1. May I ask for the net charge around Glu136, where only other residues with Cβ less than 13 Å from the Cβ of Glu136 are counted and Lys, Arg are +1 while Asp, Glu are -1?
2. Fewest to most neighbouring Cβ within 10 Å: what's the order for His102, His70?
3. What residue among His70, Ser210, Gly58 has its Cα farthest toward the positive end of the dipole of the chain, where the charges are +1 on Lys, Arg and -1 on Asp, Glu, each on the Cβ?
4. Note down the relative contact order for the range 80-232 as a percent, whole number, built from C-alpha pairs under 8 angstrom at least six residues apart.
5. In debye to the nearest 20, how big a dipole does the chain give about its Cα centre with +1 on each Lys and Arg Cβ and -1 on each Asp and Glu Cβ?
6. Evaluate E = 1/(1 + (r/R0)^6) for Ile104 and Glu173, where r is the Cβ-Cβ distance and R0 equals 35 Å; express this FRET efficiency to the nearest 0.05.
7. Relative to the Cα centre, what is the charge dipole magnitude of the range 94-160, using +1 at the beta carbon of each Lys and Arg, -1 at the beta carbon of each Asp and Glu, and rounding to the nearest 20 debye?
8. What value does the range 63-138 have for Rg/Rh, both radii from Cα atoms and Rh as Kirkwood defines it?
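No lab work stands behind these numbers, since they all come straight from the coordinates. Because the structure is a prediction, the values reported are computed rather than measured. All Cβ positions, even for glycine, are placed from backbone atoms using ideal geometry, and neighbour counts span all protein chains on display.
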Amino acid sequence: MRDEPVDRALDDSTHRWMVSGLVLLALFFLAFPAYRAFEPAQRAEARERQQASLALQGSDIFEVNCASCHGTDGRGGIAPALATSQFLGAVTDEQIVQLISHGIPGSEMVAYSLDNGGPLTAEQIRAIAVFLRSLEENAADNPSWRYPLAAEGLTGRDIFLLGCARCHGVNLEGTEEAPALGPGSDAEEESDGRLARRIAEGGDGMPRFSGTLGDEQIELLIEYIRSVQGAG
């Protein structure tokens with residue numbers, strides 16, 4: 001008879017633990033459908049945030065390594081315009097990665113991956129690919145995307161802004177990458193013929209434009225440079 005209170009207390013404690021366990025199990029049972037409903041959305045949001053972060057990184061890397069040829073935001077220059085429906089609609093993300101990593105033999109597009117002697121890691125190249133893909137929604141329709149400087153109807157100023165402004169400055173004032181071409185610059189003393197050869201052949205860090213600009217376009221470009229020099 002002395003053990004009955006002890007047994008009853010043990011039974012009560014066990015009953016409470018069993019009830020608590022059942023309640024907890026019921027909560028897990030009710031929470032699981034909610035988790036299944038919300039978890040995919042949370043994962044999608046996390047992926048979107050990660051992609052946005054990669055695109056931002058890729059934009060900076062692109063500006064430093066690619067924009068001098070492909071133009072700011074991939075709008076085109078001496079190299080193809082990449083922010084176009086034609087290009088982005090024709091390639092997969094993996095193909096973009098491969099193009100950047102291995103380059104295109106026989107062209108000015110060199111390999112950029114560290115494994116191929118370039119300056120970029122695989123993560124950096126992937127970030128550029130994500131950045132370019134982020135431009136697809138608002139990508140331009142540009143039938144001349146392969147040779148944007150050869151498009152019909154471009155003025156000398158158009159050609160300069162597409163192919164030269166990033167290095168020489170929008171107002172020909174020069175940058176850290178290339179000298180000034182405007183009033184008071186050394187270019188003002190050069191002959192048209194010498195300027196034309198410099199544009200066509202490149203050299204001293206300047207890319208050659210002979211493959212993307214015809215003689216008439218080079219003449220238009222020089223006329224524009226002279227007009228700015230004369231306005232000063």
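1. Taking every Cβ under 13 Å from that of Glu136, the sum is -3.
2. Ordered from fewest to most neighbouring Cβ atoms within 10 Å, His102, His70 come out as His102, His70.
3. So the residue furthest toward the plus end is Gly58.
4. So the answer I get is 20 percent.
5. 580
6. That gives a FRET efficiency of 0.60.
7. Dipole about the Cα centre, nearest 20: 120 debye.
8. Looking at the range 63-138, the ratio lands at 0.93.
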